[in-house]
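> Before we start, here is the structure in question, set down as C-alpha cells.
Throughout, read-outs are computed from the coordinates displayed, never taken from laboratory work. These figures come from a predicted structure and were not determined experimentally. Please note: Cβ atoms are built from the backbone with ideal geometry, for glycine as well, and neighbour counts cover all protein chains shown.
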C-alpha cells in the first residue's frame with residue numbers, strides 16, 4: 001500500500017480554516033490520515049485557544065498527528081511559562097508579543113484576557129497563566145522542532161544551509177528566513193516549511209513553503225506526499241505541484 005503523508009501550513013488562530021483542512025484530509029485519506037502541522041497555531045487570527053484545544057483533542061483521540069513548534073508558539077509559551085515572561089531577541093527593538101504586527105493581543109482575547117494599554121508584563125503573565133485551560137502550556141512546551149519522514153524534513157521556518165539536519169539550531173528552525181530561502185543547495189532532504197507567507201504553495205528543488213497567509217485571512221494550504229509525488233489538496237481535490 002502506498003504511504004501517504006499530509007502537511008498543513010501556518011494556522012494562526014484560524015479554527016474554521018483548520019476544521020475545513022481536516023475535513024478535506026479526511027475525505028482524501030480517511031480518519032487515520034497522518035498529518036504534520038508546521039507550527040504557528042496562535043496569534044493574529046480570532047481563535048488561538050480553539051486551535052490549540054482542537055489539536056489537543058485530536059492527539060488525545062489518538063489521531064496520527066505530529067505537531068511542530070513555530071516561533072509564535074514559542075512567543076506564547078515564553079510569555080506565560082513561570083516564573084516571569086521572557087522576551088525573544090528575534091523581535092525588533094520596540095516590538096513585543098502584543099505588538100499589532102505580532103498578534104499576541106488576539107491570542108489573549110481568545111482566552112478572555114484583557115491587555116491594558118500600559119502593559120505590566122509580570123502581572124499580565126500571571127493573569128494569562130490562570131486563564132489557560134489545563135494542558136495548554138504543556139502542549140506548547142511539548143511541541144517538536146522538526147520531523148523527518150519520506151525523504152522530507154518538516155520544520156517551521158527552515159534550516160541553516162551547510163549545517164547537517166541533525167545539528168540544526170532551534171533559533172534557525174523557528175526564525176530563519178532569507179539565508180534559507182535564497183539558498184539553492186540540496187539540504188539532504190526536501191525541506192517542508194512555513195513561516196514566510198507566499199500567495200500559493202511554493203515548490204522549489206530543495207524546499208516547499210506552505211505558509212499562504214492564513215494569519216492574514218488568506219487560504220490555509222495542505223500538501224499531500226505520496227511516493228515521489230507532491231500535491232496541493234484543494235476543496236476540489238488534489239492538484240499536482
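> Under 11 Å from a point 7 Å along the Cα-to-Cβ line of residue 101: which residues of segment 143-185 have their amide N that close?
none
> Next up: Please compute the length gained on full extension between residue 23 and residue 229, using 0.36 nm multiplied by the number of residues separating them and subtracting their Cα-Cα distance.
Details: separation 206, 0.36 × 206 = 74.16 nm, distance 2.17 nm.
Here the segment from residue 23 to residue 229 would lengthen by 72.0 nm.
> So if we plug the beta-carbon distance of residue 122 and residue 16 into 1/(1 + (r/R0)^6) with R0 = 30 Å, what FRET efficiency do we get, rounded to 0.05?
0.30
> OK, next. Quick one: angle between helix 121-131 and the longest Cα principal axis of the chain, in degrees between 0 and 90, rounded to 10, please.
Tilt of helix 121-131: around 70 degrees.
> Mind pulling the angle between the C-alpha long axis of helix 48-60 and the longest principal axis of the chain? Nearest 10 degrees, somewhere in 0 to 90.
Between the helix axis and the principal axis of the chain, the angle is about 60 degrees.
> Still on this structure, I have one more. With springs connecting C-alpha atoms under 10 Å apart, model the chain as a Gaussian network and identify which of 89, 48, 221 has the largest mean-square fluctuation.
Between 89, 48, 221, it is 89 that shows the largest mean-square fluctuation.
> Which value at 222 nm does the chain reach when only helices count, each DSSP H run of 4 or more adding -39,500 (n - 2.57), with the total divided by all residues and rounded to the nearest 500 deg cm²/dmol?
Details: 8 runs with 72 residues, N = 241.
Mean residue ellipticity, 222 nm, calculated: -8500 deg cm²/dmol.
> Relative contact order of the chain: what whole-number percent is it, with Cα pairs under 8 angstrom and at least 6 residues apart?
Working: 483 pairs, mean separation 56.4, N = 241.
Once normalised by length, the contact order is 23 percent.
> Also, quick follow-up: So for each of 28-37, 228-237 I average, over its residues, the number of other beta carbons within 10 Å; can you give me the resulting order with the highest mean first?
Working: 28-37: 17.2, 228-237: 13.6.
Per-residue mean Cβ counts within 10 Å order the peptides as 28-37, 228-237.
> Then there's this: Could you work out how far helix 71-80 tilts from the main Cα principal axis of the chain, as a 0 to 90 degree angle to the nearest 10?
Taking Cα atoms only, the helix is inclined about 30 degrees.
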